[in-house]
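Worksheet: one structure, shown below.
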Amino acid sequence: MANPLEGKTVLLGVTGSIAAYKAADLASKLTQAGAKVDTILTENATQFVAPLTFRSLTHRPVVTNLFDLESEEAIEHVALAQRADILVVAPATAHTLAKLALGLADDALTTAAIATAAPLMVAPAMDAHMWEHPSVQEHIATLTARGAHVAGPASGRLASGLIGHGRMLEPEALVGHIKLVLAQSGDLNGRKIVVTAGGTQEPIDPVRVVTNHSTGKMGYAIAEAARDRGADVILVTATTNIVTPINVTSINVTSVAEMRTAVLDSCVGADALVMAAAVSDYRPTQVAEQKIKKNGQDGGMTLEMVKNPDFFVEVPAGVLRIGFAAETENLLDNARAKVDSKALSLIVANDVTKEGSGFGTDTNQVTLIDAAGEAEELPLLSKYEVGHRILDRIVELLK
Ligand code: PMT
């Protein structure tokens, strides 16, 4: 299984809020991610955005008026509801939330909400005082108790000009929430996966470190892919510039010693550990207490290093161990040697000298090697897609 949006039908309900313009971006992002997006706009929503905007972005049905007998889609609004994999109401006004909670069905959107068996996600958008009003909170509580997923709202600048709680989540974050809801039927639902990411840093003195070029992109992509398949994900991450994906628990570490503690603690009760981090094999024997000063004009400097423990071997039995091998030569031989020495179920052999592969890239070209030494060379793929290929193997190994 790949991206949870691929081939899924999202029924997008847009209601009358200034945040409706963001729903167009959401429809575009979902379509680009492979989803089929059918849209229902309430009459009030059409005051803010045009149906044509959604039709142009999604090339799919857009319903505005339940009683428009000229419109085939309006007549088929129940069919739209029945083929949906998820109903997303974004933005969701206080008025529509109330109707959804009470089961009122007086327009195409609220009728579809009653007619569909798909999970419901709402993205509230309103003034902060409205959001705090007991009636809104009671309707939210009713919807939550019924299994609806409430995404947001966030704090920030509101249409009134005031700063407060009530802003609709940004489309990118909403895509994450939608994937999360769809992932509940994923093949890693109920599994716990620990992933490491980034390059560890070993201090030399208070201002200098020994590190490597890892940006964390590979590990974060695996964590996101595992999340999208329903897993509980713990991401043990060295310093990166990447935002933690929603619903992924991240533990920040710096050195190998910190990563070792975090990984071993996180592995309790875990099903699999995927070590995508670039872990420093050596650290300075001594860490200077003060900044090391330049030694004369031409003087060199020798740094004595000691080996770091390879903590893969300390991971409790019963946790699948998936390693990475970042190599610049003899890729397969070096990777196979690591499968044996680290007792791995699978290793991801990564020639970091290849174009589009390795450190900092959005793509990677890797070879998967199993415990028996069998190799499968994958094409150049996005790191997210590589993550899914690794997870496909984990799903098989866990059977
Ligand atoms: O983060 P990006 O910029 O996206 O780059 C991705 C990547 C190139 C870092 C990634 O794809 C990758 O190859 N990661 C593994 C890099 C690495 O450390 O390989 P290694 O061959 O040195 O180590 C082999 C395995 O042993 C790794 O899974 C490593 O995490 C683990 N190890 C290493 C040393 C150590 N002391 N303890 C370990 O457990």
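The values are calculated or read from the model by the stated rules, or taken from the named source; none is laboratory data. In this text the structure is predicted, and so the values were computed from the model without any measurement. Quick reminder, even Gly has a Cβ in these numbers, built from the backbone with ideal geometry, and neighbours come from all protein chains shown. Note: accessible area is taken over every heavy atom of the protein model, side chains too, but ligands, DNA and RNA are not part of it. Shrake-Rupley method; radii C 1.70, N 1.55, O 1.52, S 1.80 Å.
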> Has region 259-274 got any residue that is crowded, with 19+ Cβ neighbours inside 10 Å, in contact (Cβ under 8 Å) with a residue 24 or more places away in the chain and touching an Asp or Glu at 6+ places or on another chain (Cβ under 6 Å)?
Replying inline: no
> Of the residues that sit in region 18-42 and are open to solvent by 10 Å² or more (accessible area, probe 1.4 Å) and assigned to a helix (DSSP H, G or I), which one is farthest from MET126 (Cα to Cα)?
Replying inline: GLN32
> If we keep just the residues of region 190-216 that are touching an Asp or Glu at 6+ places or on another chain (Cβ under 7 Å) and open to solvent by 10 Å² or more (accessible area, probe 1.4 Å), which is nearest to the ligand (Cβ to nearest atom)?
Replying inline: VAL210
> All but one of (1) under 30 Å from ARG208 (Cβ atoms); (2) more than 12 Å from the ligand (Cβ to nearest atom); (3) open to solvent by less than 50 Å² (accessible area, probe 1.4 Å); (4) touching a residue at least 40 places away in the same chain (Cβ under 8 Å) hold for LEU303; which doesn't?
Replying inline: (3)
> Applying the selection to region 200-225, what residues are more than 19 Å from ASN308 (Cβ to Cβ) and over 19 Å from the mean Cα position of the chain (by Cα)?
Replying inline: PRO206, VAL207
> Which one is farthest from ASN241 (Cα to Cα) among residues in region 362-383 that are open to solvent by 30 Å² or more (accessible area, probe 1.4 Å) and within 11 Å of the ligand (Cβ to nearest atom)?
Replying inline: THR363
> If a residue has to be at pLDDT 95 or above, open to solvent by 10 Å² or more (accessible area, probe 1.4 Å) and not hydrophobic (A, V, I, L, M, F, W, C) to count, how many in region 386-399 make the cut?
Replying inline: 4
> What are the pairs, 6+ residues apart or on separate chains, where a residue within region 307-333 that is of a type in the set (Asp, Glu) has its Cβ under 8 Å from a residue that is part of a strand (DSSP E or B) and within 12 Å of the ligand (Cβ to nearest atom)?
Replying inline: GLU327/ALA349; GLU327/ASN350; GLU327/ASP351
> Within the group PRO245, PRO203, which residue is part of a loop (DSSP other than H, G, I, E, B) and in contact (Cβ under 8 Å) with a residue 12 or more places away in the chain?
Replying inline: PRO245
>> So, LEU57, is that one modelled with pLDDT of 95 or more, open to solvent by 20 Å² or more (accessible area, probe 1.4 Å), assigned to a loop (DSSP other than H, G, I, E, B) and more than 17 Å from MET168 (Cβ to Cβ) or not?
In response: no
> Out of region 333-361, which residues are in a loop (DSSP other than H, G, I, E, B), more than 9 Å from the ligand (Cβ to nearest atom) and farther than 25 Å from ASP271 by Cα?
Replying inline: THR353, LYS354, GLU355, GLY356
> Out of (1) in contact (Cβ under 8 Å) with a residue 40 or more places away in the chain; (2) open to solvent by 60 Å² or more (accessible area, probe 1.4 Å), the odd one out for ALA145 is which?
Replying inline: (1)
> Can you name the residue in region 345-361 that is free of Cβ contacts under 8 Å to residues at least 40 places away in the same chain and either of a type in the set (Ser, Thr, Tyr) or not assigned by TED's automatic domain parsing to the domain that holds ALA221 (or both) and is also surrounded by the most Cβ atoms within 10 Å (Cβ to Cβ) among such residues?
Replying inline: SER357
> Does VAL122 satisfy the criteria of being open to solvent by less than 40 Å² (accessible area, probe 1.4 Å), free of Cβ contacts under 8 Å to residues at least 60 places away in the same chain and not in a strand (DSSP E or B)?
Replying inline: no
